[in-house]
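Undergrad: Starting off with a structure, shown below.
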Amino acid sequence: MTAELVSLTIDGHAVQVPPTTTAYDPQYKKNVEVPTTIYDAALELTRQKGITNPIPILCHREHVNPVAVCRVCVVEAGPPGVGRLTPACQRAVEPNMQVRTAETSPRVRDSIKVLTELLLADQPKSDGPRSGENPNELLQIAKRYGVTGSRFPAPARSRGRDESSLVIAVDHDACIMCDRCVRGCNDIRDNQVIGRAGKGYSAHIAFDLDQPMGDSSCVACGECMISCPTGALTFRSPVQAAPWKDANPPAETVTAEVLAKHPLFDGVATSFLQWNQGAVVRRRFRKDDIICKEGDFGSSAFYIETGTVDIFLKSPVKHVKSDKGSSGAVNHGLFGLIRKFTSKLESRGNDKRDEESTTRYIPIDAPVSLAYDNPIAQLHAGDIFGEMTCMSSYPRSATVRATGDVTVLEFQRNVLYILQRNKKSRALLDESYRARAVDTHLRGVRLFAELLKDEAMFKRFVDFLRPRVELQRLVPGHVVFRQDEPADHFYLVRLGFVKVAQRRPGGEHVITYIGPGGYFGEIGLLGNIPEIEALALPGIRTATCSALDHADVVRISGDDFAHVLQEFPPVRDHLVKVAIERIQENEAIRQRAQKEQLGEFLKQGLVSAQSLLVLDLERCTRCDECTKACADAHDGVTRLIREGLRFDKYLVASSCRSCLDPYCMVGCPVGSIRRRNSREIIIEDWCIGCGKCAENCPYGNINMHPFETGEKAAHPITGRMTPVVQQKATTCDLCQGLPDGQPSCVYACPHDAAFRMTGEELIKQVEGVKVGGSSSR
């Protein structure tokens, strides 16, 4: 039996409505019956009469549950003169109720005007919404009721802006705490990210545990921005660097309507796609067309819609060798002060170096790793590449060439950002990783090199981890875990870089930077193994690990990690060996740091140096023979400059310090720069010559050296065949090719003024303590 309708009047107009209506209950995630409100009755009246709704709303919308926090929807309910002011969005209708709105009640109208003035008091001045944004509903209400300003003074301080997200900007001053964003995020999207924090004027919307929006678990769906009535949440200016202005082949703009139907963009807010129209283009390549080149800087990522591409390293897999000549004799030059080297590119097979990497795969910015012996692979429809370049502006890690007709979507940073955070798109990308990239990623991790020797064991290893790994995307500065916290997961780095640091006397001490193909978090999980138990607390993190840039890490639970150790002994043996070395080395450094007077050395990074070129200025005559010797020894490309920091009578010249905090390692797109176990910086032979390490070195001690590869190519202007030149990064190698082991800079000094020493030894020299062996040439 149908319930009887409730009759009431609104501004003298009779209307009948059912006593209850259907609404969505977010707690139980189902539709439930709720009382019909006065506002619902006003909507029915406007539908029947064809008139404008006489009740304004600000914190409410028809598709969300009412909370009645703004009170702009106030009406007078009851007999004239004795009626009570009540929020229409929440007050249930009653039989024969008399309702008066601002249209007929001066009392209601004055109340709305005062409320509007209060809300306008701290609103930032605005010229209105930009294209793609919502109109400011508060200003519309002010205009409707003739409110031109606020008599109430604005607060003396600002609540600030949050622009940590690449997609949405937060202006806390414009927020009126209406909770529409909270309900949009939690009730409509069920993301459970936004809530309230603070009290009084400091009250504000907060993300997760009051984190910046970009650091939170926000998926950037845009629902909060669409819900916001005042522009406190707005789309940021579109990231459209117009890289396709002169693109060949031409770029086709893809409309928001088309993208909304694309499986990759399923779940992304249409308003976001409209606002960023032009940040996604479609490009069509023919066979042998180059899509991107290794070493080039870019700002976009690619999604293959149709076709197949080859991804490879064009640069020769060779390293720079400083050779003393085919005769094997060292040319000592004028007065025997110059020992001549010939710098050339040499393959690993012809020049085996100490502690050469054993990796069989090279990590790149794609869902595959390249085999060291044959650095080429294929990508297919559904693959994304260029993510690290797009998010962190790193050089392209490889060259990509179409094998036939290929169609790709190319998009900018903010689009990739929202794809990585949108639930449906992220699920699609994660499934693609598990299906196609887990195998090649694990092959590229040096830790698993021993497993590769047994393909059956490696297959069993991958099959075990494939359904269990969890792909996490980190924003810059995100702390994965902190020192002394309980250890519960093991991590592999897929893209980006992670900083590992410890608390030490004088502040934070950077242990290392871990890039693609690296791993971290193992020591805390190895504490129960007898070899480790005596060196580290079981189950406790020994360092703090945080994302240095936009990074992708693969998380493996502690239980699955324990299973790997039990079932795959080569992994266990390697981890234990490396963990012991790291713990002992870090403890030795910590003890030295406690004993030494750090002072200015700590500020300048000298205490971290393993190999400084130090000049005794009381002996030095500024003849520059050290610099000349270095240049003469390396084909005219010097690897040091006789300038730098001065301490007492000592000058620390600009030469590679082999720092303990080697920032040069950050950003290498192929992970070719690393530290030996002796902490000396080494550049692997697959360096692509992008120059990122030279740019990052804070001391200017890495140089780019051009080499002819032996190939020839047509000049782009003249068409003549000219030698192909390839850059390779070079840094001080301590002239290791010389039989006496003396660096040329030290050997060439005619006044016994040049020395190589550690930062610790320099401290002792400055303090007047003789360092055994450090002053001999």
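Undergrad: In nanometres, what is the gap between the two model label sites at Q502 and D25, each 7 Å from Cα along Cα-to-Cβ?
TA: 5.6 nm
Undergrad: Excluding residues on the same chain fewer than 8 positions from K49, give the aspartates and glutamates whose Cα lies under 20 Å from its Cα.
TA: D11, D40, E62, E103
Undergrad: Something else now. Ignoring ligands, DNA and RNA, what percent of the 1.4 Å accessible area of the stretch 456-567 is carbon and sulfur?
TA: Accessible surface attributable to carbon and sulfur in the stretch 456-567 totals 50 percent.
Undergrad: Right, next: Quantify, in whole percent, the carbon and sulfur part of the accessible surface of the stretch 361-435 (1.4 Å probe; protein heavy atoms only).
TA: Here it works out to 47 percent.
Undergrad: In addition: Quick one: which residues, 5+ away or cross-chain, put their amide H under 5 Å from the amide H of A371? H built at 1.01 Å from N.
TA: HN-HN under 5 Å from A371: I362, I376.
Undergrad: Right, here's the next one. Sort out for me the Cα centre separation of the stretch 173-240 from the stretch 432-487, rounded to whole Å.
TA: So the separation of the two Cα centres works out to 34 Å.
Undergrad: So how far, in whole Å, is the C-alpha centre of the stretch 7-86 from the one of the stretch 385-418?
TA: Here the answer is 51 Å between Cα centres.
Undergrad: A follow-up question, please. By accessible area of protein heavy atoms, probe 1.4 Å, what ranking do R183, R348, R460 get, highest first?
TA: R460, R348, R183
Undergrad: Same structure, new question: Which pairs, out of K261/K287; K649/K764; K314/K728; K287/K314; K318/K728, put more than 19 Å between their alpha-carbon atoms?
TA: K261/K287
Undergrad: Would you please give the residues with an amide H less than 5 Å from that of V480, counting only those at least 5 places away or on a separate chain, with H modeled from the backbone geometry?
TA: Result for V480 returns C545, S546, A547.
Undergrad: Follow-up. Can you run phi through the Karplus equation (6.51, -1.76, 1.60; θ = phi - 60°) for the stretch 6-20 and list ³J(HN,Hα) in whole Hz, with x for Gly and Pro?
TA: 9, 9, 8, 10, 10, 6, x, 8, 7, 8, 10, 9, x, x, 9
Undergrad: Please compute the per residue accessible area over the stretch 197-301 with all protein chains in place, 1.4 Å probe, rounded to a whole number of Å².
TA: The answer is 46 Å² per residue.
Undergrad: Using a Förster radius of 25 Å, what is the FRET efficiency between R466 and I540 based on their Cβ-Cβ separation? Nearest 0.05, please.
TA: 0.25
Undergrad: Work out how much length E305 to K453 would gain on full extension: take 0.36 nm times their residue separation and subtract the Cα-Cα distance, in nm to one decimal.
TA: Net length gain for the segment: 49.7 nm.
Undergrad: Still on this structure: Give, in nm to one decimal, the length gained when the segment between E44 and Q274 is fully stretched (0.36 nm per residue of separation minus the Cα-Cα distance).
TA: Here the segment from E44 to Q274 would lengthen by 79.5 nm.
Undergrad: Can you list residues from other chains, or at least 5 along the same chain, whose modelled amide H is less than 5 Å from the amide H of R504?
TA: H509
Undergrad: Quick one: what does P(r) look like for the stretch 35-112 with 5 Å bins over all Cα pairs, in whole %?
TA: Taking every Cα pair in the stretch 35-112, the percentages come to 3, 17, 28, 28, 19, 5, 0.
Undergrad: Between E531 and R434, what's the calculated FRET efficiency when r is the beta-carbon distance and R0 is 35 Å? Round to 0.05.
TA: That gives a FRET efficiency of 0.55.
Undergrad: Another question about this same structure. Rounded to the nearest 0.05, what FRET efficiency do Q378 and D190 have when you use their Cβ-Cβ distance and R0 = 35 Å?
TA: My answer for the efficiency is 0.35.
Undergrad: Further, regarding this structure: Within the set K113/K199; K424/K692; K30/K423; K453/K499, which residue pairs have Cα atoms separated by over 23 Å?
TA: Violating the 23 Å limit, Cα to Cα: K113/K199; K424/K692; K453/K499.
Undergrad: Using a probe radius of 1.4 Å on heavy atoms only, what accessible surface per residue do you get for the stretch 1-74? Whole Å² is fine.
TA: Each residue of the stretch 1-74 exposes 56 Å² on average to a 1.4 Å probe.
Undergrad: Suppose accessible area is computed on protein heavy atoms with a 1.4 Å probe; arrange K712, K318 from highest to lowest.
TA: In descending accessible area the options line up as K712, K318.
Undergrad: Let me ask something else about it. Put a dot 7 Å past each Cα toward the Cβ at D246 and K577; how far apart are the dots in nm?
TA: Distance between the two pseudo-spin positions: 5.3 nm.
Undergrad: Using a 1.4 angstrom probe, figure out how much accessible area the stretch 369-506 has per residue, in square angstrom, rounded to the nearest whole.
TA: 36 Å²
Undergrad: Moving on to the next point. What distance in nm separates the two pseudo spin-label positions at R646 and V258, each 7 Å out from Cα along the beta-carbon direction?
TA: Inter-label distance under the simple model: 6.5 nm.
Undergrad: Next up: How large, in percent, is the carbon and sulfur part of the accessible surface of the stretch 1-95 at a probe radius of 1.4 Å?
TA: For the stretch 1-95, the apolar C and S fraction of the accessible surface comes to 52 percent.
The values are calculated or read from the model by the stated rules, or taken from the named source; none is laboratory data. These numbers were taken from a predicted model, which means no experiment stands behind them. Neighbour counts are summed over all protein chains in view; Cβ atoms, including those assigned to glycine, are modelled from backbone coordinates with ideal geometry. To get the accessible areas, we keep the full protein, side chains included, count just its heavy atoms, and leave off ligands, DNA and RNA. Shrake-Rupley method; radii C 1.70, N 1.55, O 1.52, S 1.80 Å.
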